[in-house]
Every structure is written in C-alpha cells, then in structure tokens.
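Heads up: the structure comes next, in structure tokens.
Quick note: the coordinates plus some simple rules give every number you see, no bench work behind them. Quick caveat, the model's predicted, so the values are computed rather than measured. All Cβ positions, even for glycine, are placed from backbone atoms using ideal geometry, and neighbour counts span all protein chains on display.
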Amino acid sequence: MDDDIQYLRNIGISAHIDSGKTTLTERILYYTKRIFAVHEVKGKDGVGATMDSMELEKERGITISSAATYCEWNGYKINIIDTPGHVDFTIEVERALRVLDSSILVLCGVGGVQSQSITVDRQMNRYKVPRVAFINKCDRAGANPYRVVDQLREKLNHNPVLMQIPIGLEGNFCGVIDLVSMKAIYFEGPFGENLQIRQIPSAFLEEATSRREDLLEAVSMFSDDLMEAIFEDRVNEELIIKAVREGTLSRQLTPVFVGSAYKNIGVQPLLDAVTNYLPSPAEVKNSALDMDQGEKEVSISTDPNEPLVSLAFKLEITPYGQLTYLRIYQGSLNKGDDLINTRTRKKIKVGRLIRMHADEMEDIQRAGAGDIVALFGVDCFSGDTFTDGTLNYTMTSIFVPEPVISLTVSPKDNKSNTNMAKALDRFIREDPTFQSWVDKESGQTIISGMGELHLEIYVERMKREFGAEVDTGIPRVAYRETISRRVEFNYIHKKQTGGAGQYGRVAGFMEPLKEGTYEFVNAVKGGVIPAEFIPAVDKGFRSCLKKGLLIGYPVLRIKITVNDGQYHAVDSSERAFIQAAIGAFKQAYVKARPVILEPIMRVTVEGPSEFQGNIMSSINQRRGLIMSSAEDGVFTTIEAEVPLAEMFGYATTLRSMSQGKAEFSMEFSRYSEVPVSVEKELKLRYNKKL
C-alpha cells in the first residue's frame, strides 16, 4: 500500500483571511498524530500554530507563507499546504494550487462567502482544482451554515450539497449528523479525539431525513446505479460515496461539511471526506510543454518508471541555505540523482531529499510521482522545471499578477547596504510578485509588491533575517499611461557620419487597445521595409512602452500598425529601424492625447451595522464607488471599488471610526483613467522628476 499512488492525497487549505484555516490544519495534525499538543494561532502560550513557523506569523496571528506538511489517516498519505488568506500574499495561494490536486475551501459560519473566498475560488477554477467545502466556526454567535450554502450557490456558482447538518448551533453546537450513514457523531475528550456515534436525536430526525433526500436527489445525477437503487429502495453508503466522488472529481458538485475546528468538532469526518471524495494524483490530468517540438502540449503520466518531470513551486531561505519545494509529476527521484533545470540546462545533484513538516525536516531516500518534497542547495527560481535530462519538458507556468504599489528603501549604513542587497536577491527568487530595481534618475532602490502589508512584511524580514536596517519612503502607486485617440505617424531616421550612415522610414498609425498591453501589426506591402527589419521596428516600439512621455510610467493598451516605410540599400540596418520606430512613437504619442491610468482596488469592508453610515461616507470621501451593501442583522458587508492612491492609511481610519470592530480586505481589480483634477496634480508632481 505504501507505494500505491491511489492512497496519496495532495490538498490545499484555502479561504478568506481569519476563517480558521491554520486552526483546522493544527487539528488535522493532532488527530493524525503528527503533533501531540495543540497550539492556537493567537495562543496565550506564545508558541503559535505549528504551521505558522515564521516569527512574524506568530506575532500577527496571520499566515504569510504557505507551509507544507505531511500526515497519514487510515492508511492514506496526505500532503497538506496551508495557504495565506490575505490578498497581499496571493502568489502563495497561486503556487500552492498549481501543484495541488484538490483543496478544502474553508468558509466562516458567520461571515459566509467573503471577498477573499471569491478570489481563492477563482484561483481554484483557474487550475481546475476539485474541492470540498468546510463551514467552520458553527459555534459562534450568528453562525448559519444553511445561509452559507445558499451563498456558495449564488456567489460562487457551485452546486453545494450538505453531507452533514449541525446538532445545535452557536453556543449549543455539540456535534454533527452524517447524512450518508444517518448517524449522529459527537466529539468527546479534551480535544474531541474520541468519536461517539449514536442514533439521531428525535428533535433532528425530520430535518435529517429531508436533507438526506436533497442529498440523494443531487448526487444521483452522477450515478445510474444510485438512481436505480433509489427507485428500488436499496440505497447503501457505498453507492452514495461513489456518486459524490464522481460529482466532486468532475467539479460539478461541492460536498459541504460543518464543524468548529477551535471547538474540535467535525474535523475527523472532514479527513474521511478528503480520502473518500478528493482525487489521487493518478486521477488528475497534468500536461507539460515539449520544448523540442515547439512547445507542443503533452500529457504526463504518474508512472514512477517513466522519465522524471517535476516543478519547483516555492523557494524558502533557511539558516542552512535555499530550500526548494518540488512537486514530482512523473517518474521518481532518489537521493544522489542528477537533475537538469529545463530553463538553464544546468545539471544539479540531489544531495538531500526531504519531506517537510512545517519548519521540521525528515530525510528520505526516494520519492515518486505525486509526492511533494524539498531539496537543499539548488540554484533555481520559483516555477523552474526539473527533469532527469532525457526529456526537454517544461511545466506550464504559474499565473503571476502585476505589482500595484512601490516604496523606496535606503540602507542606514554600509553593513545594511550589503545585507539589503542579499535580502532583495533572495526575496525576488522566492516571490515572483515582489520586484526590486534601481531608479536611473534618482539612484534610489525601489521595491514593488501587492499591497502595503506585503511590502511591510518584506521590510521587517530584511531587518530580522538579514540584519539590514532600512529607511522607507512614501508608498508610490503603480500608475500606467495610455492613449485616447488614433493618430498617424510618418518618421524618417537619417544620420550621416563618416562611412555608412543610418536610414529608415516608418509610417502607420497608433490607436487605443481595449485590453492588453501592446499589439503590433505588420501591414507593410511591396517590401518597402524588408522583412528582416520588421522585428527591429517592433523592438523599437516595445522599448518605448517602458516609460511613457506623460509622467514616466509604463504604457498600456496600445496598438501600433505599420503600413508603409522606406529603406536604403546601404545605410539601412536593424539599429536604424529601431531608432526610426522610437522617433515615430515620440512623434505620435504626444498627439494621441495620452491619459494616466490608476489601479482600482476591489475593497470589502465588514463591520457592525451601527458603523455602516460612517464606513460608506469614508469610502465616498476616498473617490470610492460602492458596488453593494449587505446587512445581516448586526453585521454589514460593503463592497466598493476605490483607487489605490486613496487607500493608504485606511486601516487606521477604519479602526478609529469603528472602535476597532471593522476590518477590510482589498485586491487589484483593473486600471481606470484618473479624473482631470488628479491628472493635473500628477503631471505637476511627476514632470518635475522627468
């Protein structure tokens, strides 16, 4: 059984911030005997949750970096990745879902489907990840799992089916009724480790019977055998489990479980659901691109005897060097094997092969397809593919969103300067959404990321992990430029010095593009520009996109069509046509009425209803547009779109206006044209620097 891939599960635990993912993982580790004491995320013992191994995570009570662990349950091996809920660390969720076969979507019994739940659900859809839902915190005041099921259907377009119903709710929540076996399950002992299976209490029997009929009706769509059994009144647990599994693997059904991880209710049945309903690596279709056949898509199998294909999906810096997390898709890996990095074609030797348990390591000799392992001392980037050298395959890359906010950082002394350079090099390798560069004009080092918290954490890590004391500047928004009308250009680049000169003429037009960054159209006929110089024209235009002429930010949404030109038999060259394109761009861009675009964030504010008016007016004052407002008795959720430039310091404002009871999350939505008054101010500010 040990080597049987059918008994392996790779799962992620993802949710909105503060829904209880890390607490749930802590209980799973306790019940699977990986840990022998339970610690809370914000525990008074100062230990912090097992999966929050970073000091910053323990202090703030949030998950920053996705942590991997491994456990066993009823003969099944389970690799678990606990991912952050905060949108600033969205890349951690992206890369976890890229390598996982399935996921547990954790939802708060009170908050229900929240803004970040929608984001992680969208990420799961991107990677076609089957999932089960766990409605947590059913012990809290205001918990209503039935409302959450409705929200799964309405907000996320799921086909949710309750597999359990709660016995009591809020303060009376004491167990669950399993609708498959039609038994009541109670969780006894200090940490709910002793399961007591009893008859369903008479007060809940009618509801349980009705809900079971709903369950059978929904899952019979996925099994003819079950449908026949319903008509012939011979339904058994095995038929139901088989049908639910079928629906879950096809992603047309979401089994829903209820519980409270903090109160130790409902976790063991959820583990059973992971083994019963979620796929093994062999049941998931994976593909790679064959670089020897022009990036042709090829499917890869989970056969351990096939040539090795694996993906480095996460890098971590430890006191002993770089730790590279690897998901093996095909073949097997032994300690001492040679690997080839497809991107660099460099060969590396596997010195140590490790299975991770949060920040603890377990040395292993061999790993097969489906396993998630870690290697030491491998020089690579996140997203690199490793093979045994017989195949030139690369795995499809991870979706990386563009950074939206920047900060200047300057070291306080020479020692910090060296350490800061080391830290930035490490962070860029670790996190594709984190960028760093030196501004040519000012000579300042600039870092970019997904939000204030994202950059704040990295600045803090520079101090703690690398001993780099730095000063930070004012946060800068990642503005963009575009054009608002079509304009023609006709430009001649002519330079005559001693010997051969430079000559190239390009003509055509530039126009706004609805979406995307840049599109180049070659409409040249009759060879007026030789074919070999067309790429040089494209290259010239591309070089202009890095810095617009309005306020010096990158240019988006522009389409350039070249339909005419001229060359000289002696003086024309690639360089001449690059310069001609640059001149044409400058000539036309100013006439095309350029405008400034700013990042608009999707903001969700949740707080007590008594502060609803104040919260709405604070959003309006920040040029925000309120999209929806939902009130649930004492609690209000407001969704709005607000320019990022107006959101700096909002956490403090919100805290003071709501007595610390409201919270907000935000994520990038789109780029939008700035109002005229803001444009004038930005032109004044940035033109001084240009």
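Below is a table of values for the structure above.
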| quantity | calculated |
| --- | --- |
| 10 Å-binned pair-distance histogram of the chain (Cα, whole percent) | 3, 13, 21, 23, 20, 12, 6, 2, 1, 0, 0 |
| Hydrodynamic radius by Kirkwood, which averages 1/r over all alpha carbon pairs of the stretch 105-219, in angstrom | 15.2 |
| Partner aspartates and glutamates for Lys586 [C-alpha distance under 18 Å; skip if fewer than 8 residues away on the same chain] | Glu481, Glu488, Glu511, Glu519, Asp538, Asp564 |
| Exposure proxy order (Cβ contacts within 10 Å, fewest to most) of Met627, Met462 | Met627, Met462 |
| Burial ranking of peptide ranges 255-268, 156-169, 409-422, 586-599 (average Cβ count within 10 Å, highest at the top) | 255-268, 156-169, 586-599, 409-422 |
| Which of Ser19, Ser672 has the fewest Cβ neighbours within 10 Å, and the rest in rising order | Ser672, Ser19 |
| The stretch 251-314-the stretch 599-636 distance, computed between alpha-carbon centres (Å) | 38 |
| Note, ³J(HN,Hα) from phi for the stretch 252-262, Karplus 6.51, -1.76, 1.60, rounded to Hz, x at Gly and Pro | 9, 8, 10, x, 10, 10, 10, x, 8, 4, 4 |
| Charge sum, other residues only, whose C-beta stays under 13 Å from Ile529's C-beta, Lys/Arg counted +1 and Asp/Glu -1 | -2 |
| Furthest towards positive pole of dipole, Tyr329, Ala369, Ser310, structure part the stretch 286-395, Cβ charges | Ser310 |
| Nearest-20 debye value, the stretch 560-690 charge dipole, Cβ charges on Lys, Arg, Asp, Glu | 760 |
| Val634/Arg464 FRET efficiency (R0 35 Å; Cβ-Cβ; nearest 0.05) | 0.30 |
| Low-density loop positions, trypsin sites (Lys or Arg not before Pro), the stretch 444-485 - DSSP coil, at most 12 other Cβ in 10 Å | Arg485 |
| Rounded to whole Hz, the Karplus (6.51, -1.76, 1.60) HN-Hα couplings of the stretch 452-461, x for glycine and proline | 4, 5, 4, 6, 4, 5, 5, 5, 5, 5 |
| Lys/Arg +1, Asp/Glu -1 at C-beta; the stretch 177-224 dipole; positive extreme among Phe204, Phe222, Gly189 | Gly189 |
| Residue-wise HN-Hα coupling along the stretch 231-238, computed from phi with Karplus coefficients 6.51, -1.76, 1.60 (Hz; x: Gly, Pro) | 5, 8, 6, 9, 6, 10, 4, 4 |
| Debye, to nearest 20: dipole size of the chain, +1 on Lys, Arg Cβ, -1 on Asp, Glu Cβ | 3260 |
| Length-normalised contact order for the stretch 422-559 - Cα pairs under 8 Å, 6+ apart - percent | 20 |
| Listed residues Gly565, Asn264, Asn414: farthest to the positive end of the dipole of the chain (Cβ charges) | Gly565 |
| Extension gain from Glu237 to Gln496, taking 0.36 nm per residue of separation minus the Cα-Cα distance | 84.6 nm |
| Intensity falloff of the stretch 405-478 expressed as log10 I(q)/I(0), Debye formula with alpha-carbon point scatterers, at q = 0.13, 0.20, 0.22 Å⁻¹ | -0.31, -0.78, -0.96 |
| Residue-averaged 222 nm ellipticity for the chain, from DSSP H runs of 4+ at -39500 (n - 2.57), nearest 500 | -8500 deg cm²/dmol |
